[in-house]
Amino acid sequence: MKRTALLAGASGLVGGYCLKELLADPAYSHVTVLARSALGVKHPKLTEKIVNFDHLKDALKGIQVDDVFCALGTTRKKSPDPKAYQKIDVDYPAHLAHYTRKNKARQFLVVSSLGADPNSGIPYGRRKGEMEKAVGSEPFEAVHLFRPSFITGEKDRKERRPTERWMECILALLPFLFAGPLKKYKPIAAATIAKAMVRVSKAGMKGVHVWPSDKIAEQGAS
């Protein structure tokens with residue numbers, strides 16, 4: 001039976017690839033995207049809904065889907081206000097999970113980060129851990145928490161991030177560092193993460209599943 005999907009964060013690097021994967025996958029008959037502004041993408045399977053993420057409860061009224069994909073996130077540079085950072089990285093994904101589950105969505109797949117832990121002494125890891133805890137508490141049939149390491153694909157971003165691009169080039173020269181137990185720290189392409197998310201969504205798994213970066217790479221392999 002055909003499936004339906006909701007995607008939040010399609011304007012970002014991973015989210016953009018996720019949208020391409022969902023639109024190309026014959027298992028999905030329809031994809032609804034929540035966005036702050038128009039993406040400029042046209043497709044017969046796509047419905048775009050411009051929303052204010054501060055009012056997700058109202059925005060999601062009447063929207064019923066099988067699978068929810070969340071690739072929301074920000075950076076300190078884009079959101080220097082700690083409250084705004086908290087909203088985008090924690091509150092929005094948590095609210096998205098809560099209200100889509102109330103609308104009978106069956107599973108929730110979200111991009112988190114390596115080192116996510118609500119008790120972490122590192123603010124970024126702590127926020128991602130808080131988000132995972134909130135999302136994982138919702139009674140979906142399945143919740144998938146994807147924890148990538150350094151995400152590559154900076155040349156495909158709409159915005160310029162010189163520091164990330166520089167890091168990507170340096171890490172590409174040092175593949176020997178990421179062998180054995182360090183495999184989960186190996187940089188991973190945004191396109192690979194998106195492929196893994198869509199592939200996992202069709203696996204029929206139940207419960208809460210954590211996907212470290214090396215396992216994401218295995219699932220996203222072509």
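The values are calculated or read from the model by the stated rules, or taken from the named source; none is laboratory data. The structure presented is a predicted model; accordingly, all values stated were derived computationally and were not measured. Please note: Cβ atoms are built from the backbone with ideal geometry, for glycine as well, and neighbour counts cover all protein chains shown.
Brief remarks on what is shown
- When the stretch 24-33 is filtered for residues that are in contact with a strand residue (DSSP E or B) (Cβ under 6 Å, 6 or more places away or on another chain), of a type in the set (A, V, I, L, M) and without any contact (Cβ under 8 Å) to a residue 40 or more places away in the chain, the ones remaining, listed by number, are Val31, Val33.
- Some residue of the stretch 207-214 being assigned to a helix (DSSP H, G or I), out of contact with any helix residue (DSSP H, G or I) (no Cβ under 7 Å at 6 or more places or on another chain), at pLDDT below 95 and not polar (S, T, N, Q): no
- Answer residue from the stretch 122-138, given it is modelled with pLDDT of 95 or more and in a loop (DSSP other than H, G, I, E, B) and is nearest to His55 (Cα to Cα) among those: Glu138
- If you check Ala59, Ala97, Ala38, Ala10 for being touching a residue at least 12 places away in the same chain (Cβ under 8 Å), among the aliphatic types (A, V, I, L, M) and exposed (fewer than 12 other Cβ atoms within 10 Å of the Cβ), only one passes: Ala38.
- When residues in the stretch 34-72 are screened for being β-branched (Val, Ile, Thr) and under 21 Å from Ala142 (Cβ atoms), 3 of them pass.
- Scanning the stretch 8-54 for residues that are over 16 Å from Ile88 (Cβ atoms), in a strand (DSSP E or B) and within 17 Å of the chain's Cα centre (by Cα) turns up Val31, Thr32, Val33.
- Meets criteria (surrounded by 23 or more Cβ atoms within 10 Å (Cβ to Cβ) and modelled with pLDDT of 95 or more) for Leu46: no
- Whichever residue in the stretch 139-177 is assigned to a loop (DSSP other than H, G, I, E, B) and crowded, with 18+ Cβ neighbours inside 10 Å and, among such residues, is modelled with the highest pLDDT: Phe140
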